[in-house]
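A short write-up of the structure that comes next.
The values are calculated or read from the model by the stated rules, or taken from the named source; none is laboratory data. None of the values given here were measured: they were computed from a predicted structure. Positions of Cβ are generated from backbone atoms using ideal geometry, with glycine treated the same way; all protein chains shown enter the neighbour counts. Remember, those area values only see protein heavy atoms, side chains included, never the ligands or the DNA or RNA. Shrake-Rupley method; radii C 1.70, N 1.55, O 1.52, S 1.80 Å.
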Amino acid sequence: SQSNHYRTVCGSQDNGTSIKHRDTWIEFNGGDGMEALVHPLNEDWMIGSWQYGSRNYTRNGGQTRTGTGNPDRGSGNAAWEAPFLQNPLDQMQVIHMSDSIFVGNRFGRDWSFRTSPGIGVLGDAAIAETDSNVMVVSRNNLIRLTTDGGATWSDIRSNLPSYYFTDIAIDPRNANTIMVTFNRYQEDDRKIFISYDQGGTWENITYNLGDMPIWCGVIDHLDASNIYLGAEIGVYTKPMNGTSWSLYNPE
């Protein structure tokens, strides 16, 4: 929660979706817990997910739950862990992704079709915090960019390896900067790439990371000069302009 740092909602496979209040946890949703969101201005408004893009919302901190009625829920048209985003410039709008993209106004109640990137069931996605018309989506080794809210899409794979993507991050202060990660177990020095021109060209920033998959990445929202990675055996960080990764959680 942006308004209360004691409030957290999170999904975990086989263990549903859980909501942390200051001194206790509430088990909010069953099944396999997936993507979850807290409304930026109201800590009691949350949405949790389970398999194939099914979503429930609460308006009272998890005491009750109601289905959002989003399109394609549980239909197989959405990924096992279907991407789910919040519009950073519209606090009442969320974005559900299957093989198409739908927007839900009233924090996930009024749904409408937005666009289809044309690459099948989407696996990962990111939206620019400075311009919500900029979105990047991926499926397996395919990646697409829109800068006009989905009216048009372009292929931005450029010089990237043809591996499967595991995550996409956009610099919270600069919509031109995009980072992607890959889950290579093999000895391979091509696991994290960054672009400063919206995918026109990519720079390999794997550097000294070992032979392990990289599962997720984020560019710091408070200090955009730092990058963090969730890897197979720990969390790693480096300055944006640095050339060496260090273990963030050494103890």
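Quick one: Y163 ticks every box in (1) outside any strand (DSSP E or B); (2) among the aromatic types (F, W, Y); (3) open to solvent by 60 Å² or more (accessible area, probe 1.4 Å) bar one, so which box is it?
Condition not satisfied by Y163: (3).
If you scan segment 137-157, which residues turn out to be among the β-branched types (V, I, T), touching a strand residue (DSSP E or B) at 6+ places or on another chain (Cβ under 8 Å) and part of a loop (DSSP other than H, G, I, E, B)? Spell out how you get there, then give the answer.
Step one: list which residues in segment 137-157 are among the β-branched types (V, I, T), which gives 137, 143, 146-147, 152, 156.
Narrowing the set further to residues that are touching a strand residue (DSSP E or B) at 6+ places or on another chain (Cβ under 8 Å) leaves 137, 143, 146, 152, 156.
Listed by number, the residues that qualify are T152, I156.
Got a number for residues in segment 170-182 being open to solvent by less than 10 Å² (accessible area, probe 1.4 Å) and either of a type in the set (G, A, S) or in a loop (DSSP other than H, G, I, E, B) (or both)?
If we filter segment 170-182 for residues that are open to solvent by less than 10 Å² (accessible area, probe 1.4 Å), which is where we start, we get 177-182.
With either of a type in the set (G, A, S) or in a loop (DSSP other than H, G, I, E, B) (or both) added as a condition, the list becomes 177.
Adding up the residues that qualify gives 1.
Which residue, of D155, D167, is over 21 Å from N77 (Cα atoms) and modelled with pLDDT of 95 or more? I'd like the intermediate steps shown before the answer.
Values: D167 fails: over 21 Å from N77 (Cα atoms).
Testing whether each residue is over 21 Å from N77 (Cα atoms) and modelled with pLDDT of 95 or more leaves just D155.
Just need a number here: residues in segment 198-227 that are under 18 Å from the mean Cα position of the chain (by Cα) and farther than 17 Å from N174 by Cβ.
4
Could you tell me which numbered condition Y185 fails, if it satisfies all but one of (1) modelled with pLDDT under 95; (2) open to solvent by less than 10 Å² (accessible area, probe 1.4 Å); (3) of a type outside the set (D, E, K, R)?
With respect to (1) modelled with pLDDT under 95; (2) open to solvent by less than 10 Å² (accessible area, probe 1.4 Å); (3) of a type outside the set (D, E, K, R), Y185 is out only on (2).
For segment 106-122, does any single residue satisfy the condition of being more than 18 Å from the chain's Cα centre (by Cα) and among the aromatic types (F, W, Y)?
Yes, the conditions are met somewhere in segment 106-122.
Looking only at segment 39-84, which residues are part of a loop (DSSP other than H, G, I, E, B), touching a Lys or Arg at 6+ places or on another chain (Cβ under 9 Å), farther than 17 Å from R109 by Cα and open to solvent by 40 Å² or more (accessible area, probe 1.4 Å)?
Residue satisfying the conditions is E43 alone.
Checking the structure you have, find out if any residue of segment 3-11 is open to solvent by less than 20 Å² (accessible area, probe 1.4 Å), assigned to a strand (DSSP E or B) and of a type in the set (S, T, Y).
Looking through segment 3-11, none of the residues is open to solvent by less than 20 Å² (accessible area, probe 1.4 Å), assigned to a strand (DSSP E or B) and of a type in the set (S, T, Y).
Out of segment 202-251, which residues are charged (D, E, K, R) and either closer than 14 Å to T181 by Cβ or at pLDDT 95 or above (or both)?
So the first thing to find is which residues in segment 202-251 are charged (D, E, K, R), and the list is 203, 211, 220, 223, 232, 238, 251.
Scanning segment 202-251 gives E203, E232, K238.
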